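This is the structure, below, for whatever I ask next.
The values are calculated or read from the model by the stated rules, or taken from the named source; none is laboratory data. Please read these numbers as outputs of a predicted model, since none were measured by experiment. We place every Cβ from the backbone using ideal geometry, glycine too, and count neighbours over all the protein chains shown. For the accessible areas, the whole protein counts, side chains as well, though only heavy atoms, and no ligand, DNA or RNA atoms are used. Shrake-Rupley method; radii C 1.70, N 1.55, O 1.52, S 1.80 Å.
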Amino acid sequence: MTAPSGRRPSAGALLAVAVYAFLYAPLIVLVAFSFNRARLAARWEGFTLEWYAVALRDQHVLAALRNSVIIALATTVLATAAGTAAALAFHRLRLRAQGTWDALVVVPLVLPEIVLAASLVLLFAAMGLRLGFFTVVLAHVAFSLSYAIVVVRARLAGFDRSLEEAAMDLGASPLRTLRHVTLPLIAPGILAAALLVFSVSIDDYVVTSFVAGVGATTLPLHIYSMVRSGLSPEINADSTVLLTATVLLLFAAWRLEQGRRPRQVAVPMGLGLSLLGAPFLLAPVPLTGADRQLNVYIWSNYIAPETVRRFEQRHHVRVNVDVYDSNEALIAKMQSGNVDYDVICPSTYTVQSLVAQGLLRALDFSALPHLSNVDPRFLGRRHDPGNRYSVPYFWGTTGIAYRQSRVGTVDSWGALWDARFRGRILMLDDARETLGAALKWKGLSVNTTDPASLALAQRALVAQRPLVRAYNSSNFEDVLLSGDVWLAQGWNGQFARAMAQDADIHYVVPREGSMLFLDSLAVPRGAPHPALAHAFLDYVMEAEVAAEICRTMQYSTPNRAALALLPASIRDNPAIFPSADVVARTEIIEDIGAATVLYDRLWTEVKTSR
Ligand code: SPD
């Protein structure tokens, strides 16, 4: 590529440099920004190793990485073994219409991933397979088998069959010939296939998101859920670790292929494997495989680990908690039909939608004696008359939290459209909540299905987009605490916790009105452990437990008996328990049936607008 001295570089050399820059610039930027002190900005603000420490402490990331490594290793063993066997068979067999058979092997490589994912979900449901680790491995083997076959066949293409014939002429059995002649000769191809399978498996998002179930969250799924809250340096650090491990392993494989001895590749191989092996030492023990197990699928930041641990101790069970940050994510999981959750936490309109789809199990009130602790004002509401399917868990408001020293006093949704705060505004990543805020600002109902009203709200959100630093429904209060944003739309409980840490942060339910939520616990129709699920529902309705959950999470409890057990700092905090005046200007989000699709489309258009 170098031009002879004194001569200008050739067009070919420049083109090659451009191609390599195009290929590697994003990776270089990613690695560099994993050392950037800034939390959200794509602007260099100084060197730090802090994000690696954060990633090492993040038990969710470690558990997800461990899941990814286990799945990728299982997939690699299965797909490489099956792919090698198939490649050998295809190489030997002389089939009629050989070209057609060859093409059929390649089809899965070019099939749109989304089609493969949907077809696998359907197949697993038809076979009665519950979604979990096993289905993820099966799905990964399904899409990576073709890679293994193609790579091993490429190696076999240059294979001299007379060597096998010579071995057999000398008396070796077919098995011995395979072991001592064929496999050693095609070993580099098998190794290359294994590496390719490992990397496509560890990397996969689309198929995995369809077929993952209880406790099978992989690193790409976890990273994607974090990315929805904005690209953070922690994600860059996670990705850099994954990238470094992959490069080290590829380097080791390349050196092996060059004929180096295993001793000579021990360092890169060891480093790569220890990077991938770290989560096995650092992450908590996986919660699958217990005799008695309860699978809870709940909003993030909605239950404290100690509350869960006490239930585990009392019932001698393991509780596996997976989290989501939108009702839409919950509905999608429930609709897949074969997922093993026992307890879920839908909001009012999602209870309505899940009941309408026949996805919830009718509750057995004889197993819920502590339901009597719940304030009757929260029972028998429109979303579930008679509470046949759900019991109230938390209620609260959507509002704005802000840094008073930066923005003064706020009392209107209009503050989130104030151009003076460009780049310092955070909005929830939620169709009903963001369109809801714009509708309320314009004096309209959050449950409107009128296309003109919705178009107006959408235009407002599109106009606001350049001002918005991040859309985030998970840890929005942390972003406000960090000082990266000054105004944030969000839910009261997490803001109440932020206010306890920083006196400059205030919370308001805007004067134009807002959304009131009531989130409930429910048992999915196909829950594998319904009795234990009822025990859990009853447990969280005990006065002491409900008070503890309210104290730790700081969302508003609907449990009347718990109120007396709360400290005044919580009970009298208007951000946690809003006054009757504030409640009077809120509206509960209802299920709007077919118009949900319109809300989702409008919201997607907002997020993809420029
Ligand atoms: N992090 C938990 C927040 C749950 C808030 N309730 C959801 C209301 C959705 N409209």
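State the answer as a single residue: which of 441, 423, 79 lies farthest towards the positive end of the charge dipole of the chain, with beta carbon charges of +1 for Lys and Arg and -1 for Asp and Glu, about the Cα centre.
79
Something else now. Residue 360's amide H: which non-local residues (gap 5+, or another chain) put their own amide H closer than 5 Å, with H modeled 1.01 Å from N in plane and none for Pro or chain starts?
525
Can you pull the one-decimal nm distance between simple spin-label points at residue 579 and residue 442, each 7 Å off the Cα toward Cβ?
3.1 nm
Rounded to the nearest 20 Debye, what is the dipole magnitude of region 56-280 about its Cα centre when Lys and Arg each give +1 and Asp and Glu each give -1 at the C-beta?
For this selection, approximately 440 debye.
Just to verify a number: FRET efficiency for residue 113 and residue 462, C-beta to C-beta distance, R0 = 35 Å, to 0.05?
FRET efficiency, residue 113 to residue 462: 0.75.
Another question, then. Along region 482-487, what does the Karplus equation 6.51 cos²θ - 1.76 cosθ + 1.60 (θ = phi - 60°) give for ³J(HN,Hα), rounded to whole Hz, x for Gly and Pro?
Karplus-based 3J(HN,Hα) across region 482-487 equals 5, x, 5, 10, 10, 9 Hz.
How high is the relative contact order of the chain, given as a whole-number percent (alpha carbon pairs under 8 Å, six or more residues apart)?
Relative contact order for the chain comes out at 15 percent.
Against the longest principal axis of the chain, how steep is helix 595-608, in degrees 0 to 90 to the nearest 10, with axes from Cα atoms?
In the chain, helix 595-608 runs at an angle near 60 degrees to the longest axis.
To the nearest Å, what is the center-to-center distance of region 145-179 and region 439-483, using C-alpha atoms only?
That distance is 63 Å.
Let me ask you something else. Considering amide H positions built from the backbone, and no H for Pro or chain starts, which residues 5 or more places from residue 374, or on another chain, come under 5 Å of its amide H?
Residues meeting the amide H criterion: 560.
Using 17 Å as the cut-off for backbone N distance, which residues of region 177-212 belong to the label zone defined by a point 7 Å from the Cα of residue 81 along Cα→Cβ?
Those under the cut-off are 179, 183, 190-191, 193-195, 197-198.
Treating the beta-carbon of each Lys and Arg as +1 and of each Asp and Glu as -1, no other charges, what is the dipole magnitude of the chain about its Cα centre, to the nearest 20 debye? Could you put the intermediate results ahead of the total?
Values: 53 positive and 49 negative charges, 309 e Å.
Charge dipole, the chain, about its Cα centre: 1480 debye, nearest 20.
How much of residue 418 can a 1.4 Å solvent probe reach, expressed as accessible area in Å² and rounded to 10?
40 Å²
Hey, can you grab everything whose amide H is under 5 Å from the amide H of residue 393? Only 5+ residues off in sequence or another chain; H modelled, so Pro and N-termini drop out.
The answer is 519, 520, 521.
Ordered by residue, what ³J(HN,Hα) values in Hz, to whole numbers, does region 445-452 give under the Karplus form 6.51 cos²θ - 1.76 cosθ + 1.60, where θ = phi - 60° and Gly and Pro are x?
7, 6, 10, 5, 10, 6, x, 5
If Lys and Arg each add +1 and Asp and Glu each add -1, what is the summed charge of the other residues whose beta carbon sits under 12 Å from the beta carbon of residue 172? The partial results should precede the final answer.
Details: positive: 176, 179; negative: 164, 165, 169.
The answer is -1.
So, one more: Please sort 589-602, 294-307 by packing, taking for each peptide the average over its residues of neighbouring beta carbons within 10 angstrom, highest first.
Averaged packing, sorted descending, gives the order 294-307, 589-602.
Still on this structure: Report the local net charge at residue 69: Lys and Arg +1, Asp and Glu -1, summed over other residues whose C-beta lies under 14 Å from its C-beta.
Every neighbour counted, the sum reads -2.
Provide the solvent-accessible area of residue 506, counting protein heavy atoms only and rolling a 1.4 Å probe, rounded to the nearest 10 Å².
Here the accessible area works out near 60 Å².
Take the Cβ-Cβ distance between residue 388 and residue 224 as r, set R0 to 51 Å, and report the resulting FRET efficiency rounded to the nearest 0.05.
Given R0 = 51 Å and the Cβ-Cβ separation, E is 0.90.
How big is the chain along each principal axis, measuring the range of its Cα positions in Å and listing the largest first?
Projected onto its principal axes, the Cα set of the chain covers 93, 72, 46 Å.
In degrees, nearest 10, range 0 to 90: what is the angle between the Cα axis of helix 98-110 and the longest Cα principal axis of the chain?
The answer is roughly 30 degrees.
Once you put a point 7 Å from the Cα of residue 381 and another 7 Å from the Cα of residue 274, both along the Cβ direction, what distance in nm separates them?
A separation of 5.3 nm, rounded to one decimal place.
Any idea how far apart residue 53 and residue 600 come out in nm if each label point goes 7 Å out from Cα toward Cβ?
Simple spin-label model gives 4.2 nm for this pair.
Based on the Cβ-Cβ distance from residue 13 to residue 255, what FRET efficiency comes out when R0 is 25 Å, to the nearest 0.05?
With R0 = 25 Å, the Cβ-Cβ based efficiency is 0.35.
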